[in-house]
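Trainee: Sharing a structure below in structure tokens format, with a few things to ask.
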Amino acid sequence: MTTLGKASSTAAVFVIKVDGRWFAITFGQCGRFLLKPECWEERFGLLVSLNSIGQNQIKSIDKRTFDALSTHSKVQSSQEAAAQEFGLDIEQDLVRAVTGSPVDKELGQRVTGMDSLSVSVSIVLEQLPQLVARYRAQFNSTAYKKRFPWVDHLSEVTRSSLKEELDDLLVEQIRAANFKRCWMAVPDIIEWAGIDGFRYGFTKKNPKHHDIHLSEFLEEVRDPQNISVDRLRQKYVYCIGDDDRQIHQWPVYRCIYCELDHEKDSYLLSGGKWYCVTHDFVQEVNESFNRVPVFAGILPEYDDGSEGEYNQRVASDNNFALMDKKLIMYGGGQNKFEFCDLYSKDKDIIHVKRYGLSAVLSHFFAQGTNSGELFHTQSEFRKLVNSKLPRSHKISDSSKRPAPEEYQVVYAIVSDSEEDKVTIPFFSRLNLRAAVRRLEGYGYRVALAKIQVNEARSKKKRYDT
């Protein structure tokens, strides 16, 4: 008989009651697993840390960035610094945890806070109730709003009971066919040129659709009034390629975007997760979005199989030069950039994208800002752009930095919604605001255009025989 070995770990929880509230202090690597899930106060450790740490005494930040890649990262420095020195974007980053040194050393030499609080402090057991009471006072304090006012703008909902409440409100919206603030869209970046359509089931009785829509999904559900969150998680959207094979699949729930007002805050469902956003921040972002000018030019409606086909058709008008897929190798290695999709004689730098959820549009806005920055700052990039432009659209002197106010960056989004101006998710509005600020900083004018989908194409269903 062979013995492979034994493993053991020590875990414990010390529970103490202070001022009518229970506090649990865990020990060992597994101590926290002895607690019942979600029996703790959300963001307790984060708020205690932010109220205790000096503004320039942060050691590390754990954040999630809602940009083109929606990245999670932990950034730490060799010395304590202010939040902005960690590359933190106070409008697009969700702070999940923070580590730093308290101003008052009686609270610890170093604190780390997320939901839980981790501290390095030397005390005797008899002092524990007083210390815990001080941590509770730090949690209740609003002092952090002066030093870190942006931290409340955005937070992920982690409490199951609240997520269930929000899911119930979502279901009410869907059953009532209230789609003004609730819709479906492709959640990932996909190559539209190779896509034949979408199904809400993978059998021949399920028709192929040009795009995905909540109303069309409900038409194929046996009893829409009995829709539930479980059904939304169990049902799938299938993305079908030209050869009728499945390219992608996503749970319907992940494809739904929804904005809800609940009690004192606004909540967003995006990519299958709920987020809490303060009303003031939502209003601020919405006002910025509403100030973005609508493109005054005319772009024909979309009645094509792909963005590429659309761009090629539009470019048959001599006013537009086709720049789609004309990749520019720049910056060494395999770096490739696309200047734009269409370039007009009026110096409109037009980027075209089929509608999608936040990740899709965030990537779209980033492409426009990167292109605009290179065109403004790099003469070699302008020279390469000029080499791909037809004679009728060439830049007179590519070596000379252009007057950017002569150029307009246009984000044109293909959408079959009924509104005159395209409606995009909150995180996309947030990213668009950042893109507009960056481009306007270089002197560009920026506009938003909606490319309407041909009505017959939008409503077309195809059945396989």
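The values are calculated or read from the model by the stated rules, or taken from the named source; none is laboratory data. Remember, it's a predicted structure, so these values are computed and weren't measured experimentally. Using ideal geometry, Cβ is built from the backbone for each residue, glycine included, and neighbour counts are taken over all protein chains shown.
Trainee: Consider only pairs whose beta carbons are under 7 Å apart and that are at least six residues apart or on different chains; among these, list those whose first residue lies in the range 424-436 and is farther than 12 Å from residue 446 by Cβ and whose second residue is among the acidic types (Asp, Glu).
Mentor: That search, which allows pairs on different chains as well, returns 426/259; 430/91; 431/67.
Trainee: Among the residues of the range 161-204, write down those that are surrounded by fewer than 19 Cβ atoms within 10 Å (Cβ to Cβ), in a loop (DSSP other than H, G, I, E, B) and touching a residue at least 40 places away in the same chain (Cβ under 8 Å).
Mentor: Listed by number, the residues that qualify are 177, 181, 188, 189, 190, 202, 204.
Trainee: Checking the structure you have, find out if any residue of the range 51-68 is assigned to a helix (DSSP H, G or I) and touching a strand residue (DSSP E or B) at 6+ places or on another chain (Cβ under 6 Å).
Mentor: yes
Trainee: While we're here: So, in the range 54-82, exactly how many residues are within 30 Å of residue 189 (Cβ to Cβ) and either aliphatic (A, V, I, L, M) or at pLDDT 85 or above (or both)?
Mentor: Counting residues in the range 54-82 that are within 30 Å of residue 189 (Cβ to Cβ) and either aliphatic (A, V, I, L, M) or at pLDDT 85 or above (or both) gives 5.
Trainee: So how many residues does the range 76-89 have that are under 13 Å from residue 55 (Cβ atoms) and in contact (Cβ under 8 Å) with a residue 40 or more places away in the chain?
Mentor: Result for the range 76-89: 1.
Trainee: Here's something else I'd like to know. Inside the range 268-288, can you point out the residues that are within 24 Å of residue 418 (Cα to Cα) and either in a loop (DSSP other than H, G, I, E, B) or under 16 Å from the mean Cα position of the chain (by Cα) (or both)?
Mentor: Here is the first cut: in the range 268-288, the residues within 24 Å of residue 418 (Cα to Cα) are 268-271, 282-283, 285-288.
Scanning the range 268-288 gives 268, 269, 270, 271, 282, 285, 286.
Trainee: Answer yes or no as to whether residue 421 is basic (Lys, Arg), in contact (Cβ under 8 Å) with a residue 12 or more places away in the chain and either in contact with a helix residue (DSSP H, G or I) (Cβ under 9 Å, 6 or more places away or on another chain) or at positive phi (or both). Let's see the steps before the verdict.
Mentor: Working: basic (Lys, Arg): yes; in contact (Cβ under 8 Å) with a residue 12 or more places away in the chain: yes; either in contact with a helix residue (DSSP H, G or I) (Cβ under 9 Å, 6 or more places away or on another chain) or at positive phi (or both): yes.
Taking the combined requirement at face value, the residue satisfies it.
Trainee: Looking at the structure I just gave you, is residue 290 within 30 Å of residue 266 (Cα to Cα) and loosely packed, with under 15 Cβ neighbours inside 10 Å? Break it down stepwise before answering.
Mentor: On the way: within 30 Å of residue 266 (Cα to Cα): yes; loosely packed, with under 15 Cβ neighbours inside 10 Å: yes.
Yes; evaluated as a whole, the condition is true for this residue.
Trainee: For the range 382-400, state whether one or more residues are within 30 Å of residue 271 (Cα to Cα), small (Gly, Ala, Ser) and not assigned by TED's automatic domain parsing to the domain that holds residue 278.
Mentor: No, the range 382-400 contains no residue that is within 30 Å of residue 271 (Cα to Cα), small (Gly, Ala, Ser) and not assigned by TED's automatic domain parsing to the domain that holds residue 278.
Trainee: Of these, 121, 111, 98, which one is surrounded by 14 or more Cβ atoms within 10 Å (Cβ to Cβ) and either more than 30 Å from the chain's Cα centre (by Cα) or outside the structural domain of residue 141 (by TED's automatic domain parsing) (or both)?
Mentor: 121
Trainee: If you don't mind, another one. Having 2 or more residues that are over 17 Å from the mean Cα position of the chain (by Cα) and without any contact (Cβ under 8 Å) to a residue 60 or more places away in the chain is the bar; report the strands (runs of 3 or more DSSP E) wholly within the range 331-379 that clear it.
Mentor: Passing ranges, in order: 336-338, 342-344.
Trainee: Tell me which of these residue 384 doesn't satisfy, since it passes every other one: (1) exposed (fewer than 13 other Cβ atoms within 10 Å of the Cβ); (2) over 30 Å from the mean Cα position of the chain (by Cα).
Mentor: Condition (1) is where residue 384 drops out.
Trainee: Another one. Out of 175, 136, 159, 147, which single residue is under 30 Å from residue 228 (Cβ atoms) and in contact with a helix residue (DSSP H, G or I) (Cβ under 9 Å, 6 or more places away or on another chain)?
Mentor: Testing whether each residue is under 30 Å from residue 228 (Cβ atoms) and in contact with a helix residue (DSSP H, G or I) (Cβ under 9 Å, 6 or more places away or on another chain) leaves just 175.
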